[in-house]
Amino acid sequence: MKSVYSERHKGHAGNAELVAGAIVPAFEMPSRAEFIRARIDEVGLGPVLSPATHALDAAKRVHRADFIDFLPEVYPRWKASGHHGSAIPFTWPTRGLRADKAPESIEALLGYYSFDAGATFVEGTWDAIKSSYEVALTAAGLVRDGERAAFALCRPPGHHAGSSFMGGYCFINNAAVAAQWFRDHGAGKVAILDVDYHHGNGTQEIFYERDDVLVVNLHGDPANEYPFFLGYADETGAGKGEGFNVNYPMPAGTTFDIWGAALEEGCRKIASYKADLLLVSLGVDTFEKDPISAFRLKTEHYPLIGARIAKLGLPTLFVMEGGYAVAEIAVNAVGVLTGFEGA
Ligand code: 6XA
Ligand code: ZN
């Protein structure tokens with residue numbers, strides 16, 4: 001399997017985040033991608049290509065143009081306002097406030113375009129976001145041109161980013177961009193399977209009223225798990241998208257027997273949808289030793305996930321999302337890919 005990777009992710013480093021009332025170094029750090037990059041060679045998964053340059057039009061097919069145009073401006077404006085360190089929002093237009101009116105100051109705009117304080121900027125963040133987007137589109141191109149599967153080693157991740165908001169380490173929704181790009185380049189129907197521990201609220205929001213992109217999510221129950229405010233089983237799509245959003249929330253402590261049964265059900269839904277193409281939002285924070293998650297999957301389970309996905313027999317693009325137990329993240333993420341190839 002070919003992978004696509006860019007070194008430009010490394011500039012997105014040293015970010016701070018807010019955890020349980022304290023500002024701490026972000027769990028989402030460059031070593032995550034570096035471990036995976038090294039593991040690809042270690043197991044001989046296949047060639048690793050650099051991304052081609054892509055303009056931002058494909059991003060604007062799933063995100064609001066003003067949101068995308070804002071992202072490169074953030075850090076220059078943050079510095080121009082006399083700030084340094086991580087640009088972090090602190091005020092959000094929730095119920096009772098005006099979300100229809102864009103404010104002017106950079107501090108306010110950060111909140112206007114976010115749902116939490118989890119997507120933070122340093123000097124190299126925009127270039128990393130752009131490179132991650134280019135990684136996804138370049139890998140999508142490989143699949144469109146006939147590869148059975150490809151791996152987009154995206155960093156930063158994307159599945160929490162919605163049509164006009166960032167959050168949860170995510171800025172541009174790489175998987176959603178790629179799904180739309182496939183639709184715009186000949187695919188009739190696309191399925192997205194999100195196996196990250198956290199609900200892909202951004203992906204769900206983007207495609208919620210559409211029947212041409214099926215979204216299936218397996219994740220921690222939002223009643224007790226981030227992102228908290230989306231991801232329940234009764235969210236089944238709206239309008240002509242009714243029936244084309246499927247959520248499998250599961251409690252803390254979930255082991256592979258339960259999780260694998262949900263995967264099986266999700267895969268059956270994808271099979272009966274008869275998609276032309278599959279996108280996998282590949283998070284491995286379901287791992288038992290993940291520092292911010294509460295499922296109990298073991299390393300031996302990840303190749304089984306890949307093998308089950310392969311059984312769908314669809315051209316498949318894997319897009320990297322979360323996973324934080326740095327060293328093991330690589331074995332588990334690449335384990336899904338080798339399991340897919342060996343099936
Ligand atoms: C809150 C937790 C963010 C989770 C990000 C993630 N700081 N998403 O792994 O898949
Ligand atoms: Zn996650």
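Coordinate-derived values only; no laboratory data. Model, not experiment: these values are computed from the prediction. Neighbour counts run over all protein chains shown; Cβ positions are idealised from the backbone, glycine included.
For the range 170-190, taking the residues that are part of a helix (DSSP H, G or I) and either in contact with a strand residue (DSSP E or B) (Cβ under 7 Å, 6 or more places away or on another chain) or charged (D, E, K, R) (or both), the one that is surrounded by the fewest Cβ atoms within 10 Å (Cβ to Cβ) is identified as 184.
Residue count for the range 297-327, restricted to those that are over 19 Å from the mean Cα position of the chain (by Cα) and closer than 25 Å to residue 24 by Cα: 1. Scanning the range 14-40 for residues being out of contact with any strand residue (DSSP E or B) (no Cβ under 7 Å at 6 or more places or on another chain), surrounded by 13 or more Cβ atoms within 10 Å (Cβ to Cβ) and in a strand (DSSP E or B) gives a total of 2.
In the set (1) within 16 Å of ligand 2 (Cβ to nearest atom); (2) assigned to a loop (DSSP other than H, G, I, E, B), residue 52 fails one condition alone, (1). Considering only residues that are away from ligand 1 (no atom under 16 Å from the Cβ) and under 16 Å from the mean Cα position of the chain (by Cα), which ones fall in the range 139-180? Matches in the range 139-180: 139, 140, 150, 151, 163, 164, 177, 178, 179, 180. Going through (1) crowded, with 24+ Cβ neighbours inside 10 Å; (2) over 18 Å from the mean Cα position of the chain (by Cα); (3) within 24 Å of residue 37 (Cβ to Cβ) one by one, residue 110 falls short only on (3).
Of the residues making up the range 308-323, those that are in a strand (DSSP E or B) and within 16 Å of ligand 2 (Cβ to nearest atom) are 318, 319, 320. In the range 283-304, the residue that is farthest from ligand 1 (Cβ to nearest atom) out of those that are aliphatic (A, V, I, L, M) and in a loop (DSSP other than H, G, I, E, B) is 294.
Among the conditions (1) in contact with a helix residue (DSSP H, G or I) (Cβ under 8 Å, 6 or more places away or on another chain); (2) surrounded by 24 or more Cβ atoms within 10 Å (Cβ to Cβ), the only one that residue 196 does not satisfy is (1).
Cβ separations smaller than 8 Å between residues 6+ apart or across chains give the following pairs from the range 272-300 residues that are without any contact (Cβ under 8 Å) to a residue 24 or more places away in the chain to residues that are within 16 Å of ligand 1 (Cβ to nearest atom) and in a loop (DSSP other than H, G, I, E, B): 288/295.
Within the range 281-319, the set of residues being of a type in the set (Gly, Ala, Ser), within 23 Å of residue 155 (Cα to Cα) and out of contact with any Phe, Trp or Tyr (no Cβ under 7 Å at 6 or more places or on another chain) comprises 281, 294. Restricting attention to the range 209-242, the residues that are within 16 Å of ligand 2 (Cβ to nearest atom), part of a loop (DSSP other than H, G, I, E, B) and either surrounded by fewer than 19 Cβ atoms within 10 Å (Cβ to Cβ) or not hydroxyl-bearing (Ser, Thr, Tyr) (or both) add up to 9. Here is the figure for the range 101-120: residues that are out of contact with any strand residue (DSSP E or B) (no Cβ under 7 Å at 6 or more places or on another chain) and not aromatic (Phe, Trp, Tyr) total 10. Count of the range 311-330 residues, restricted to those that are in contact (Cβ under 8 Å) with a residue 60 or more places away in the chain and surrounded by fewer than 19 Cβ atoms within 10 Å (Cβ to Cβ), is 2. Being of a type in the set (Asp, Glu) and farther than 19 Å from residue 191 by Cβ is the filter here; which residues of the range 122-153 pass it? Correct list: 123, 127, 134, 145. If the condition is being more than 12 Å from residue 149 (Cα to Cα) and away from ligand 1 (no atom under 16 Å from the Cβ), then the range 317-329 contributes only 327.
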